[in-house]
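Student: One structure coming up, written as structure tokens, with questions to follow.
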Amino acid sequence: MKLSELAPKLGCRLEGPPDTEVRGVAGIEHAGPDQVTFMANRKYFSLLKTTRAGAVLLEEGVAIERDSSLPPLAALRSANPYLAFAHAIELFYQPPRYAPGVHPTAIIAKTARIGEGAHIGPYCYIEEQVEIGCNAVLHSFVSIYRGAKIGDDFFAHAHAVVREFCRIGNRVVLQNGVVIGGDGFGFAKRQDGTWYKMAQSGPAVLEDDVEVQANACVDRATVGETRIRRGAKLDDLVLVGHASQVGANTLLCGQVGLAGSTKIGANCILAGQVGTAGHLSVGDGTVITAQSGVPNDVPPRALYSGYPAVENREWLKMMAALNHLPELHKRVRDLEAQLERLHHR
């Protein structure tokens with residue numbers, strides 16, 4: 001595909017030779033002369049000097065400086081280079097397509113209802129009273145428990161599980177090993193110190209356009225429901241505890257853990273390994289940086305860091321002071337020694 005053809009498909013303004021032929025996409029350090037790359041993070045702007053890509057997706061107003069030994073670099077100007085790059089990938093990479101049909105090793109209960117165009121792969125198991133919409137893909141070894149209700153364009157990769165009575169909207173993707181609606185961690189302590197398992201009666205609910213990455217778990221609720229709202233994305237190894245709520249378009253990054261009855265607002269980002277105590281709320285638009293521990297409510301549109309998590313500016317001050325701790329400790333010891341000498345005079 002020529003750059004003159006690619007630019008309008010991506011909604012970009014082209015700066016450079018229109019007849020340059022492009023055959024694929026790649027990262028900026030590995031792209032070749034027939035590939036398109038992107039630049040969205042100013043941290044990597046220096047790589048524009050040396051990349052061997054044929055063209056780069058770039059914001060307006062960003063100048064391209066090149067090593068004199070390399071040919072000029074064409075620019076595809078975009079207000080959102082990363083999103084344009086996502087669309088470019090789709091033009092050059094076609095994921096596998098799955099023909100409608102049911103593999104002979106799949107087991108489907110007689111009362112299950114499955115919409116047109118579904119692909120049910122090897123060793124899938126669909127229990128009684130399950131409802132699945134049109135164009136579903138269940139890759140292999142996928143289990144759908146009794147009474148689950150799932151919308152259109154559902155895609156479940158190998159070994160995904162949807163437990164009993166859970167509800168899933170349209171265009172939901174479950175990556176490998178996801179468990180939706182596993183039992184919440186609910187136990188009542190007996191007088192003799194042993195634990196009595198509480199029935200987890202409330203389903204997990206995933207609204208439209210939710211994606212859950214590999215080996216993540218959304219637990220069902222003791223009572224009520226656990227709900228992941230429209231467009232939220234859960235990364236690998238995320239745990240959403242029983243009766244929690246995750247707001248629309250919120251990102252929970254790898255190894256985030258929400259204790260039971262946590263409420264996360266819309267358009268939030270919880271970076272890797274953030275953990276929350278239970279029964280707290282995080283306001284809309286808040287960002288919590290990696291490895292933070294959240295013991296209390298967090299207001300909307302905040303930036304929090306650390307453990308216990310506090311406002312990011314305050315945390316940065318604390319970390320700056322901590323870096324001086326060895327020096328301060330030495331000064332205190334020196335002062336103590338001076339006082340001890342004065343005491344013995």
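Student: I need the full set of residues from region 224-249 which are more than 16 Å from Arg163 (Cβ to Cβ) and surrounded by fewer than 24 Cβ atoms within 10 Å (Cβ to Cβ), in order please.
Tutor: Arg229, Arg230, Gly231, Lys233, Asp235, Asp236, Leu237, Gln245, Gly247, Ala248, Asn249
Student: With the structure loaded, tell me whether Tyr98 is assigned to a strand (DSSP E or B), more than 21 Å from the chain's Cα centre (by Cα) and either on the phi < 0 side of the Ramachandran plot or surrounded by fewer than 20 Cβ atoms within 10 Å (Cβ to Cβ) (or both) or whether it fails that test.
Tutor: no
Student: Within the group Phe187, Phe154, which residue is surrounded by 19 or more Cβ atoms within 10 Å (Cβ to Cβ) and of a type in the set (Phe, Trp, Tyr)?
Tutor: It is Phe154.
Student: Residue check: is Ile168 more than 26 Å from the chain's Cα centre (by Cα) and either farther than 30 Å from Leu6 by Cα or of a type outside the set (Gly, Ala, Ser) (or both)?
Tutor: When the stated conditions are applied, Ile168 does not pass them.
Student: (1) surrounded by 12 or more Cβ atoms within 10 Å (Cβ to Cβ); (2) modelled with pLDDT of 95 or more: which one isn't true of Pro104, the others all being true?
Tutor: It is condition (1) that Pro104 fails.
Student: Could you grab me the full set of residues in region 254-270 that are surrounded by fewer than 20 Cβ atoms within 10 Å (Cβ to Cβ) and farther than 14 Å from Val294 by Cα?
Tutor: Gly254, Gln255, Ala266, Asn267
Student: When you scan region 266-284, do you find a residue that is hydroxyl-bearing (Ser, Thr, Tyr) and not in a loop (DSSP other than H, G, I, E, B), even just one?
Tutor: There is at least one residue in region 266-284 that is hydroxyl-bearing (Ser, Thr, Tyr) and not in a loop (DSSP other than H, G, I, E, B).
Student: Being of a type outside the set (Gly, Ala, Ser) and either outside any loop (DSSP other than H, G, I, E, B) or modelled with pLDDT of 95 or more (or both) is the filter here, so list the residues in region 297-312 that pass it.
Tutor: Of everything in region 297-312, those that are of a type outside the set (Gly, Ala, Ser) and either outside any loop (DSSP other than H, G, I, E, B) or modelled with pLDDT of 95 or more (or both) turn out to be Asp297, Val298, Pro299, Pro300, Arg301, Leu303, Tyr304, Val310, Glu311, Asn312.
Student: Would it be correct to say that Pro308 is surrounded by fewer than 17 Cβ atoms within 10 Å (Cβ to Cβ) and in contact with a Ser or Thr (Cβ under 8 Å, 6 or more places away or on another chain)?
Tutor: Judged against the criteria, Pro308 is not a match.
The values are calculated or read from the model by the stated rules, or taken from the named source; none is laboratory data. It should be emphasised that the depicted structure is a prediction, and the values quoted were computed from it without experimental measurement. Methodologically, a virtual Cβ is constructed for each residue, glycine included, from the backbone with ideal geometry; neighbour enumeration extends over all protein chains shown.
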